[in-house]
Amino acid sequence: MFSWVRQEQGGRNKEGEMYQTVTEGLQSLYTKKLLPLEETYLFHDFHSPALEAADFQSKPMVLLVGQYSTGKTTFIRYLLEQDFPGMRIGPEPTTDGFIAVMYGENEGVVPGNALVVDPKKPFRKLNAFGNAFLNRFICSQMPNQVLQSISIIDTPGILSGEKQRISRGYDFAEVLRWFGERVDRIILLFDAHKLDISDEFSEAIKALKGQDDKIRVVLNKADQVDTQQLMRVYGALMWSLGKVINTPEVVRVYLGSFWAKPLQNTENRRLFEAESQDLFRDVQSLPRNAALRKLNDLIKRARLAKVHAYIISYLKKEMPSLFGREKKKEELIMRLPEIYTILQREHHISPGDFPSVTKMQDMLQHYDFSKFPSLKVKLIESVDKMLATKIAVLMTMIRDEESKQPPAMVSGGAFEGSQDGPFGQGYGEGISAGADAEDWIVNRDKHRYDEIFYTLMPVNGKITGVNAKKEMMNSRLPNTVLGKIWKLADCDRDGMLDDEEFALAQHLIKIKLEGYELPTELPDHLVPPSTHETPQSFC
């Protein structure tokens, strides 16, 4: 299979490293190649704590962030279809801490201080945020099928004003940044009646910078406004987000009402159903993409660690050996933007790989530059080699693992049965309409289609393609779509249409004009009745 892999015994490369799985390979590369570089240049003090085995082996995690009463906790209950321990729901701010909702054989709650000493959970490094945070952090465990594939992190409702930020007693934005680096999906929830982005919410979103590919936005409670108001609300939301998330790409926004109550406005029911199914598909794909996400995060971390090493070693090199160290330190901190530019040119590094200048300047104030290590080329080369060769091998292993045993999709709860039965998305609509009817559904409007048919001068009961084209082009559909409709409707492939085939073509045009997709092959329930009796039929 590979030059260095034997599937029965795992994989062994020239350096004797043995990988049974992609997860094990990632953990091994991090420990042997990247971790030494991080430890040498104090990466964990400046950026992110060291990764542990649980970080590589944990299930995909979904982080919910939003202002109070936007429906975060209700959203989790909607997905699980049952209450979870520690859950509190109300119109006022209720969730005052972080809740990790995870799978467990026995239902119960694990407090934060006990949680961060559990080596099987990926939360050990959260002890750095102290008791003020740990007293507001719990793990809610329960035997739910959804949680067998993913874990969900509920966060406190974000308020506005300086008082709320101070009263938390811990750095809320830094905790979000910690989770943002480790989760697979970040969902920002907004209430259709509460679109203002407070100062703390703005800080929270900025703390998630660099994780833009993980962010999705849910406009919840969208059924509480009518269509005209919904258009204005959507526009206002995009405008507000554009001021905070400074990216040229438009963030994916899902509209809907994510709870099990009747819709207040049903005029957008079809839209809400389609949006919820899109969101479900996105969440369901997380287990399949988990290994790839961890690989991607490891690459991002390695690039940042390399840049950090260059910065630290450059500051060390510029320090005087004896006198004037404090003065030189202040000068180097002030010149940090210039130093970034020098390192970009010298090592051919993209500007986007550098950490925030202001954050770096603040942190450097507390260090003695003369004690920083010099540049160790072998450590850098080891990471470069990992990025150039070892990562490519793991990419191949990911594809091989998926082909042999695809990861299970998220199932259970709201994900169960949403595509099956008469209440699945699109059932009885569009091309599926009439599937359960005894009569041919096209007959309902055939009398109108026949009036048009006989004005097109049929010969021997059929009209030519030229005459049919003139009428079909009145729909203003593109020629590619009309060509597909013609192919579906011309069941006997004689280049002409009889009255039933023409009625079928008009029915397919109507379906397309209503916004539904056309099939590649004509379903049995749309085949013209007379064609069933014709042996040479292609329908």
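What share of all Cα pairs of the chain, in percent, falls into each consecutive 10 Å distance bin?
3, 14, 20, 20, 17, 12, 8, 4, 1, 0, 0
Ignoring ligands, DNA and RNA, please state the percent of accessible area on the chain from carbon and sulfur, probe 1.4 Å.
Of the solvent-accessible surface of the chain, carbon and sulfur hold 51 percent.
Given Cβ point charges of +1 (Lys, Arg) and -1 (Asp, Glu) and nothing else, what value in debye, to the nearest 20, does the dipole of the chain about its Cα centre take?
2720
Count the net charge of all other residues whose Cβ sits under 15 Å from the Cβ of P111, scoring Lys and Arg as +1 and Asp and Glu as -1.
Taking every Cβ under 15 Å from that of P111, the sum is +1.
Which percent of the Cα-Cα distances in region 258-331 go past 17 Å?
70
From the P(r) of region 449-521, could you give the percentage of C-alpha pairs in the tail past 19 Å?
Taking all Cα-Cα pairs of region 449-521, the fraction more than 19 Å apart is 25 percent.
Plugging the Kirkwood radius over Cα pairs into Stokes-Einstein for region 200-317, at a temperature of 10 °C and a viscosity of 1.306 mPa s, what D comes out in µm²/s?
92
With viscosity set to 1.002 mPa s and temperature to 20 °C, compute the Stokes-Einstein D of region 312-359, Rh being the Kirkwood radius across alpha carbon pairs; µm²/s, no decimals.
Translational D for this selection: 183 µm²/s.
Given Cα pairs under 8 Å that are at least 6 residues apart, what percent is the relative contact order of region 439-532?
Dividing the mean separation by the residue count of region 439-532 yields 35 percent.
For region 204-216, what does the Karplus curve 6.51 cos²θ - 1.76 cosθ + 1.60, with θ = phi - 60°, yield as ³J(HN,Hα) per residue in whole Hz, taken in order and with x for Gly and Pro?
5, 5, 5, 5, 8, 4, x, 10, 4, 5, 8, 7, 10
Going through region 282-359, which chymotrypsin sites (Phe, Trp or Tyr not before Pro) have at most 12 other Cβ atoms within 10 Å and a DSSP loop state?
Of the chymotrypsin sites (Phe, Trp or Tyr not before Pro), the ones in loops of region 282-359 whose Cβ has at most 12 other Cβ atoms within 10 Å are F323.
So what is the orientation-averaged projected area of region 144-225, using the convex hull of its C-alpha atoms, in nm²?
If I average the Cα hull's projected area over directions, I get 6.9 nm².
Tell me the relative contact order for region 61-285 as a rounded percent, counting alpha carbon contacts under 8 Å between residues six or more apart.
Result for region 61-285 is 23 percent.
At 7 Å along the Cα-to-beta-carbon direction for both Y170 and Q365, put a label point, then send me their distance in nm to one decimal.
Result for the modelled spin labels: 2.5 nm.
Skipping prolines and chain starts, which residues have an amide H placed within reach, meaning under 5 Å, of the one on M61, given they are 5 or more residues away or on another chain?
S151, D184, R185
Ranked highest first by the average count of other Cβ atoms within 10 Å around their residues, in what order do 435-448, 203-216 fall?
Most protected by this proxy first, the peptides run 203-216, 435-448.
Taking the 0 to 90 degree range and rounding to the nearest ten, how far is the long axis of helix 446-455 tilted relative to the main principal axis of the chain, both from C-alpha atoms?
The angle comes out near 70 degrees.
Compute from the Cα atoms of region 339-490 the Rg and the Dmax, the latter being the longest Cα-Cα distance, and quote both in angstrom.
Radius of gyration, then largest Cα-Cα span, for region 339-490: 33.1, 98 Å.
Which whole-number value in Å² is the accessible area per residue of region 35-187, probe 1.4 Å?
With the other protein chains kept in place, region 35-187 gives 39 Å² per residue.
Using the basic label-point model (7 angstrom from Cα toward the beta carbon), what is the D439 to R232 distance in nanometres?
So the two model labels end up 4.5 nm from each other.
I want the local charge near A433. Using Cβ-Cβ distances under 11 Å, sum +1 for each Lys or Arg and -1 for each Asp or Glu among the other residues.
The answer is -1.
If I take every Cα pair under 8 Å that is 6 or more residues apart in the chain, average their sequence separation and divide by the length, what percent do I get for the relative contact order?
Relative contact order of the chain: 14 percent.
Taking the Cα-to-Cβ direction at N135 and at D384 and moving 7 Å from each Cα, how far apart do the two end points lie in nm?
5.1
With 5 Å bins from zero, work out the P(r) of region 51-207 over every alpha carbon pair and list the percent per bin.
Pair shares across the bins are 2, 9, 19, 24, 22, 15, 7, 2, 0.
What do you get for GluC sites (Glu not before Pro) in region 222-312 restricted to DSSP loop and a cutoff of at most 15 other Cβ within 10 Å of the site's Cβ?
E249, E267
To the nearest 10 degrees, how steep is helix 172-182 against the longest Cα principal axis of the chain, on a 0 to 90 scale?
70
Here is the link list: K33/K329; K33/K120; K221/K510; K209/K327. Which ones come out longer than 27 Å on Cα distance?
K33/K329; K221/K510; K209/K327
The values are calculated or read from the model by the stated rules, or taken from the named source; none is laboratory data. Since the model is a prediction, treat every value here as computed from it, not as a measurement. Here Cβ is always computed from backbone atoms with ideal geometry, including for glycine, and neighbour counts include all displayed protein chains. Surface accessibility is based on the protein's heavy atoms, side chains included, excluding ligands, DNA and RNA. Shrake-Rupley method; radii C 1.70, N 1.55, O 1.52, S 1.80 Å.
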